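The numbers here are math on the coordinates, done by the rules we state, and not lab data. Quantities reported herein were computed from a predicted structural model and do not represent experimental measurements. Because the Cβ atoms are built from the backbone with ideal geometry, glycine has one as well, and the counts that use them run over all protein chains shown.
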């Protein structure tokens, strides 16, 4: 079926990428918790190579030409869905968008049947966001397609964790020995979970910090430091990751007022001046200016918030390439 | 304008496909009722060739490169819209999505004006789903673009009929002499109509079976057997096509309860055991598990439900290629 | 990174287009008001070349391959969004769609932060429609990406103005000395503003005509003739551009009834017979048949309404190509 001219149209990956590293054998990306440090570093290395090669800024390699990806997003998303779509297209793949409205789910179809139908249309990669934790895992057991978790309720959001780690690595070189604080709504944050598992695997010291209603003491059981006073831990931190207060996931307000929250936990210019000189300010976005971070800090020299967004594209390209290559080479 | 390198990037159809068969002269696909048996077989042959050549599983041929298709969907759809989108992209075409919300229709524009505007943007193929029977026929008279009916109210859904026939043909080789029962909501089903016309043209014996409120005696007038008792006809059937109860199209409930409907018409394991050994269980989907079919049957060895979805991609690729080729060769 | 085969797959622009004209240095298209006559003619020339070369009817040139464009539409749109999407794809670019629903804006993110996030994903061109005048200008000051105004409230809609001028030029050759009347809802029409600035720069005499509640005398201050009686000015007009009554932007009805409006301002067959023989009837669409124009006129020989839609594709391709080329050559 293939012919010489068709081959010529599909530039292969350049030598700097070549074969996928032997450590990568997975055809799904479901969470960070089950990845090894070597697997995490593999994704970060490939993402960095894509970025250095300019692949994130133009369609230079098309190793996934003819591969179809489906965005199955059952929760609102702007940046993540767009980031995955652009990542897939940058690699030459086709992308189809699904949403819960306008779909067969409103006609009584089960979620698994919807997914199996999409798979039957020869969709190789299903990118799923769902309010129910474990949905991507369930799908991965039912489908032959590859499954990427784009956020499952408060459980995990692995590509967010990976892009956060890539951002820190770019600025600090190595995560070992760094102190990284996740500040804010730990209880409802899949980003927090993906960061906690990943940062610990890569050797960082992790602090979770926020009001007691949003930060459980149980995290101490897995070697995470729990703090409720940001000002006390601030001088020790190399990185602050400021999580959004997810009002939409909270049945009751977990603190008296947004103003009080901001007083205690918002990253302000005054707090920056009490922190390490080279502290990195991160936020998974979307940010609520004036709640978890002031404009002075969000737009200031310590902020790497837009680097994170840019790295999201690289990490998603790396993920798509790795899991597709593992499928093609029948590693799993 | 074209140059050698551009040519090289557009692999032509391989010899196994070559020119479109002389029998195909249409630039629209509006219904099955007006197709000849030869025309139906032409679509099925081309679809099978696409499938055998691996074209449904990757972008191998791009005969429609530079062709723009528009999905004009004025009713909810997941699988059909996605299937058409993937089919078009697999052939190299561009696809734009339309929906009734967010469109000029809400500003007072007529349906035909909307369509003419899309056509004026050099859209060659308009894929339309609409609640009003005859909408695609109306469009085909107003537009120079090709029109594909993706479902017009309870009237027809020709690509669904074609994919159902392709699925039977793959499993039985020939439809002549087979007994195919369409079970359930015949009254509101465009899938039923497209199947009835097509199956009869290809020589099958067709039974429509369901409660009298959903299955009219008038079908006897066109040579279709009408039955109200599934258990009586079951032993004679080679194929059962289980239509979804379309609650959203029914002003009043046409039977006392879903439970009673399922008792009389659901395909269950017990019924499978009273059927022919090689009976094929089909359903156009989305399926309501426990209503028209039990999970045991839907996921069992007789079910070809996911084959249908996969064949939908092949049939839609064949349709897009045939009508575009007929346009290009000025057959009509 | 690029290799010979990849080069071969990206046909360069043919000699007839070549380098972008020296007059074009802008990397945004925000309005017509700030363009010179030479700049307007540059866009129209390039658009005409694209059209003559058949580029609007197929993907012949792909100078924007690997470029990512984002549609940021915060108001309903069918034709404009689709026209931009097709224009971008015809040139080989990738397009991602944004909408206000389902986006981070509902999570409290600011508009500029949303845009900066999209930019951080290496989106080179942001096409924005927003109800607030000046939004595209604001964006252009905050982003490194190119910004195209696809309509900002009642302010401007520059590609609409350009496509209107291209349509007149195709039928009359030169705009100098022509009398062009904009009829209807001038007060709420961004199309009117973009036409007024552009037509005057190209040497046309412009009349704005409609009920006093919708047509202000202040336009006389910039050299535009103001009229309230269509029948009085009709015999002098070479072109009529019939603006839609934008009911959705009007808090109170600006005239007693739609019937009365139609009586005074609708373009009817009777009025056509009192107009110049070669009068051009234009409408930016979507049209309300029976309000600003009767079907006899909309579908009659003087109507160039669908030419406008087709020219919209050409003008948007030209705009995308010019601003992207200006970016690439660091002209600004």
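The helix-based estimate of mean residue ellipticity at 222 nm for the protein assembly as shown, built from -39,500 (n - 2.57) per DSSP H run of four or more residues and divided by its residue count, is -11000 deg cm²/dmol to the nearest 500.
Axis angle, to the nearest 10 degrees, between helix A:158-172 and the longest C-alpha principal axis of chain A: 70 degrees.
Can you give the FRET efficiency for residue B:296 and residue B:217, using 1/(1 + (r/R0)^6), R0 = 30 Å, r = Cβ-Cβ distance, to the nearest 0.05?
0.35
For chain A, take the longest principal axis of its alpha carbons; what is the angle in degrees between that and the long axis of helix A:111-120, to the nearest 10 within 0 to 90? Tilt of helix A:111-120: around 40 degrees. Measuring from centroid to centroid over Cα atoms, what is the spacing of the stretch B:129-199 and the stretch B:256-314 in Å? What the calculation gives is 19 Å, centre to centre.
Our summary gives chain B a relative contact order of 21 percent, counting only alpha carbon pairs under 8 angstrom and 6 or more residues apart. Cβ crowding within 10 Å, taken as a proxy for footprinting-reagent exposure, orders A:137, C:157, B:28, C:171 from fewest neighbours to most as C:171, A:137, B:28, C:157.
Computed over the stretch C:159-309, the P(r) curve from all C-alpha pair distances, binned at 10 Å from the origin, holds 11, 47, 36, 5, 0 percent per bin. Ranking of B:82, B:268, A:252 by neighbouring Cβ atoms within 10 Å, starting from the fewest: A:252, B:268, B:82. Across peptide B:72-80, the mean count of Cβ atoms from other chains lying within 10 Å of each residue's own Cβ comes to 4.
Counting 0.36 nm for each residue step from residue B:176 to residue B:232 and taking away their Cα separation leaves a gain of 17.9 nm. Comparing C:179, C:167, C:132 in a Gaussian network model of chain C where C-alpha atoms under 10 Å apart are linked, the largest mean-square fluctuation is found at C:132. Counting only other chain Cβ atoms within 10 Å of each residue's Cβ, the peptide B:309-315 averages 3.
Once you've got the GNM for chain B with C-alpha springs shorter than 10 Å, pick whichever of B:128, B:147, B:224 has the biggest mean-square fluctuation. Answer for the Gaussian network model of chain B: B:224. Based on alpha-carbon atoms, the Kirkwood radius and the radius of gyration of chain C give Rg/Rh equal to 0.98. How tilted is helix C:79-90 with respect to the longest principal axis of chain C? Cα atoms for both, answer in degrees (0 to 90, nearest 10). Here the helix axis deviates by roughly 30 degrees. Once you order the gyration tensor axes a ≥ b ≥ c over the Cα atoms, which shape class does the protein assembly as shown get: rounded for a/c under 1.5, otherwise prolate or oblate by comparing a/b with b/c? Taking the square roots of the gyration eigenvalues as a ≥ b ≥ c, the protein assembly as shown is oblate. Go ahead and set up a Gaussian network model of chain C, Cα springs under 10 Å, then flag whichever of C:36, C:257, C:142 fluctuates most. Evaluated over chain C, the most mobile residue of the options is C:257.
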